[in-house]
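Inspection log for the structure reproduced underneath, given as structure tokens.
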Amino acid sequence: MKQFLKGLPKVELHAHLNGSLGVDSLRDLAERLYGSAPEKLLELCFIRCEKDLDACFETFKFVHELTATAEGLRYATELAVRDFAQDNVQYVELRTTPKANAHYSRRDYLEIVIEAIIEARKKYPDILVKLLPSINRAEPVDVAEETVSLAVELAQSYPHLILGIDLSGNPAKGRFSDFAPIISKAREMGLKLVIHCAEIKNPSEVQEMLEFGMSRCGHGSFLTQKEIELLKQRNIPIECCLTSNVKSGTVSSLEEHHLKRIMEANAPKVICTDDSGVFDTTLTQEFLLATETFGLTRRQCVDLTLEAVHHSFATDQERKKMAERVENYAASLQ
Ligand code: 6MZ
């Protein structure tokens, strides 16, 4: 099964750039920046099974140290693309929060990532990469305003690359209602919205988010069965990130993962990594865990991948090509 899943031309729809650098990539990045890899820092870039979501957000700060310069950010973007390509991911929507520091502005940040993606695609032509700028809900609202206006502007220059906006960050911080008017503006300007929703228990916020609407729902761990049905009616997929949810403690075990309830309800879903680096996983591994835990067959894994193709923000033509690759792979093994 593992070999089959590794070879499957997979589709990744929920991946945070700074969370997606595997151990080799972090080492390569540290060596490029410092001439050697400080082992202590590398260790801090991984989340053990601490079951503490707040501790996860602390971990990102260590990775951010490695991407705090233009060179670090550029190389990290290339390495994240390399890691997905090596796992035979044929399409990835990378999301990232534009940051500002002494080395770059938020505009520079996005431009560096865009250029790095364009360059990385020359090296790894088998993977298609899209970009979703993220709003970090733990940051002030005016930062979100800047992110949205940059995303709208840059989407005009790179219409096939920037496709939407992500709302993420520590779900215990910030209020959705404060960000709703800003992301609503993004939607009016034609950007898709992916929203981290019900990652922790917060029924009133989930209600607000569902009323507001979204193209895809991130995590959804605390959705009730009724809410899953609602998403099904609206054909909104839930981005399921097994290892992330278990390691961060929002789901108690793989067996208890809501993917099971979602499958039983026959509601739309996609399997994703979230942060393959800091959670030390791959999309192949996430599929493997799903097959081992819930007994998925090869055909179900193929169908899940086709579901991800369908719910991606790629063009019709791109989706057609991706689906063909998946079907051809499945047929070649029969
Ligand atoms: C919510 C998350 C997340 O943007 O610096 N992020 N937000 N829930 C999660 N579940 C564990 N995992 C990552 O990538 C890292 C950032 O993505 C968001 C956080 O804001 C984190 O700092 P970028 O590329």
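The values are calculated or read from the model by the stated rules, or taken from the named source; none is laboratory data. A quick note: this is a predicted structure, and the numbers were derived from the prediction, not measured. Reconstructed Cβ throughout: ideal geometry from the backbone, glycine too, with neighbour counts over all protein chains shown.
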Cβ-Cβ under 7 Å pairs, at least 6 apart or on other chains, the range 119-136 side more than 16 Å from Met322 (Cα to Cα), far side near the ligand (Cβ under 10 Å from one of its atoms) and among the small types (Gly, Ala, Ser): Ser134/Ser168; Asn136/Ser168; Asn136/Gly169
Specify the residue that is surrounded by the fewest Cβ atoms within 10 Å (Cβ to Cβ); the eligible residues are those in the range 312-328 that are polar (S, T, N, Q) and more than 17 Å from Pro268 (Cβ to Cβ). Gln317
In the set Leu231, Leu259, Leu254, which member is of a type outside the set (S, T, N, Q) and either closer than 29 Å to Lys61 by Cβ or within 13 Å of the ligand (Cβ to nearest atom) (or both)? Leu254
Return the residues of the range 28-79 that are within 30 Å of Arg107 (Cβ to Cβ), within 14 Å of the ligand (Cβ to nearest atom) and not in a helix (DSSP H, G or I); say none if nothing qualifies. Cys45, Thr67, Ala68
Condition first: within 16 Å of the ligand (Cβ to nearest atom), part of a helix (DSSP H, G or I) and under 17 Å from the mean Cα position of the chain (by Cα). Can you find one or more residues in the range 91-106 that meet it? no
If a residue must be surrounded by fewer than 24 Cβ atoms within 10 Å (Cβ to Cβ) and either away from the ligand (no atom under 14 Å from the Cβ) or among the polar types (S, T, N, Q) (or both), how many such residues does the range 268-281 contain? 3
Here the qualifying pairs (Cβ atoms under 6 Å; residues six or more apart or on different chains; first in the range 32-46 and under 18 Å from Leu79 (Cα atoms); second surrounded by 15 or more Cβ atoms within 10 Å (Cβ to Cβ) and among the hydroxyl-bearing types (Ser, Thr, Tyr)) come out as Arg32/Tyr75
Looking only at the range 255-267, count how many residues are surrounded by fewer than 20 Cβ atoms within 10 Å (Cβ to Cβ) and either in contact (Cβ under 8 Å) with a residue 40 or more places away in the chain or within 18 Å of the chain's Cα centre (by Cα) (or both). 1
If I filter the range 118-135 for residues that are more than 20 Å from Ala314 (Cβ to Cβ) and either within 14 Å of the ligand (Cβ to nearest atom) or modelled with pLDDT under 95 (or both), do I get at least one hit? yes
Helices (runs of 4 or more DSSP H) within the range 199-295 that include 3 or more residues over 28 Å from Pro9 (Cβ atoms): 203-212, 225-233
